[in-house]
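The values are calculated or read from the model by the stated rules, or taken from the named source; none is laboratory data. Everything numeric here is computed off the predicted structure, so don't read it as measured data. Glycine also receives a Cβ, built like all others from the backbone with ideal geometry; neighbour counts cover every protein chain displayed.
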Amino acid sequence: MEEVLQVRGGNPLVGEVKAAGAKNAITKLLVASLLSDKRATFYNVPNIGDVEVTVALCQEIGMQVHWDRENGILECQTKELKTSYIPQRFSGSNRIPILMIGALLSRTEEDIIVPTVGGCRIGPRSVNFHIDSLKALGANIELRDMKRESAYFAHAHNGLRGTLIQLPYPSIGATENTILAAVTAKGTTVIKNAAIEPEIVDLILFLQKLGANITLDVDRTIRIHGTRKFYDVEHTVMPDRIEAASFGMAAIGTKGRVFVRGAEHLHMITFLNKLRELGGGFSIKQDGIEFYYDGPLQGGLHLETDVHPGFMTDWQPPFSVLLTQATGSCIVHETVYENRFGYTEALREMGADISIFKQCLGSKACRFGAHNCAHSIAIKGATPLVGKVIAIPDLRAGFAYLMAALIAAGESIISGLHFLDRGYENIVQKLAGLGANVVRTAQPVQSLLEQCTPILPTPSLKLSHF
């Protein structure tokens, strides 16, 4: 038996849905609260798998948590650490364990032991930028073998000291880890070429409430003056700009109209520009954004992913599904992930006309041009899609498949739902409330496979320096 989604496409999505709190914000905020022994109260907390995993991880080392899932309120406090060892069972859970190093360096003189990085199966995730920055602040970090696994051992017996750090690439994770460590370092830390995503800003706002003296300049420079005086905090998690965009694209792709309550205009400027260029309709309201089908989508669009304020890479898979419904040819150039187009194999089986290229089909300076990796695609449309059996390979590809199934004629069977559960709260209920014909059920796998040929995407994805 396996839990799957049975999706019958063809229904326009119509109605209203609320954007949940951002997965990529609350998971980092929970770790940031470990810096002090003060109480933190979070509002708009999404009830999703990645939050569950992060809570369990924090509880493992001593955090006390009360989570009102129904109302989205989470109170936490770590009065003292029970341990600084993160068990290996968290190694494949998500990318949070590595951030424990930055958060815990000032709270313990014991070795901090964290497993290697996990998350979606999109290839090995280099943490060189993290390690180099933390070492520059005075941390001692080694990668050691533990039985059949590997773990990072870190400590700062002589304390952390502020310094100038120039990141080779504006990595989100490395920026977050460096900020967390710098909050309690002696003196001033300056991070150049830092990531400035809205989730980073949300982290900065929380840390300022906590007691940090931290500023963000316009030239990707973050300055942190070390402190050890902290306060209780109340903080509302920013809305999830990925979920908001996902529902917007699904509304337009199914020729419907959906108001996404809580969608933040400021966080989605680049996405909205590309949507308008394609011919998709949207209207900015006081408390959200309404997305709607505004006539046939027009191709001829050239899209390049980039770090913020560019077009974020997590918008790319469902946007590519939308491009299959546009008349003419479109180009997508991926500059954040080396190979993030493995999911397109399933879309081709559903009827999409997509070609993959190893060349840079774009004008942006790209790290992957000479790496012989597939990081550009050409999409020709509009093409009708047909339902299939699909196995989800990672979180964002998962919504892309779900969106394709909502557009497609006939029925699709989607497995690998734990990926969707990691990042989308009550996804079936939300879609059903918009008129989608989608049911979550457990059925014998063989009976499902007899309905149509399964699509198993090629596991060729690889991430460089997140």
statement: The correct count of residues that are at positive phi and surrounded by 18 or more Cβ atoms within 10 Å (Cβ to Cβ) in the stretch 272-300 is 1
Unmet criterion (only one of (1) closer than 30 Å to A400 by Cβ; (2) in contact with a Ser or Thr (Cβ under 8 Å, 6 or more places away or on another chain); (3) among the acidic types (D, E)) for E176: (2)
- prompt: Do we find that I427 is crowded, with 16+ Cβ neighbours inside 10 Å and more than 20 Å from the chain's Cα centre (by Cα) in this structure?
  reply: no
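Of these, I252, I269, which one is part of a helix (DSSP H, G or I), surrounded by fewer than 14 Cβ atoms within 10 Å (Cβ to Cβ) and β-branched (V, I, T)? Please lay out each step first, then the result.
Numbers: I252 fails: surrounded by fewer than 14 Cβ atoms within 10 Å (Cβ to Cβ).
After ruling out the rest, the residue left standing is I269.
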- prompt: Hey, among V45, V53, which residue is in a loop (DSSP other than H, G, I, E, B) and either among the hydroxyl-bearing types (S, T, Y) or under 23 Å from the mean Cα position of the chain (by Cα) (or both)?
  reply: V45
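Yes/no matrix, rows are residues, columns are (1) within 27 Å of P198 (Cβ to Cβ); (2) out of contact with any strand residue (DSSP E or B) (no Cβ under 6 Å at 6 or more places or on another chain):
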position	(1), (2)
A40	yes, no
E70	yes, yes
E75	yes, no
T78	yes, yes
P87	no, yes
M100	yes, no
In the stretch 111-154, residue nearest to Q166 (Cα to Cα) [restricted to those that are in a loop (DSSP other than H, G, I, E, B) and at pLDDT 90 or above]: L137
- prompt: When you scan the stretch 164-186, how many residues do you find that are touching a strand residue (DSSP E or B) at 6+ places or on another chain (Cβ under 6 Å) and either on the phi > 0 side of the Ramachandran plot or polar (S, T, N, Q) (or both)?
  reply: 2
The lone exception for G159 - which of (1) on the phi < 0 side of the Ramachandran plot; (2) part of a loop (DSSP other than H, G, I, E, B) it fails: (1)
task: Please work out if I331 is surrounded by fewer than 22 Cβ atoms within 10 Å (Cβ to Cβ) and in contact with a Ser or Thr (Cβ under 8 Å, 6 or more places away or on another chain).
output: yes
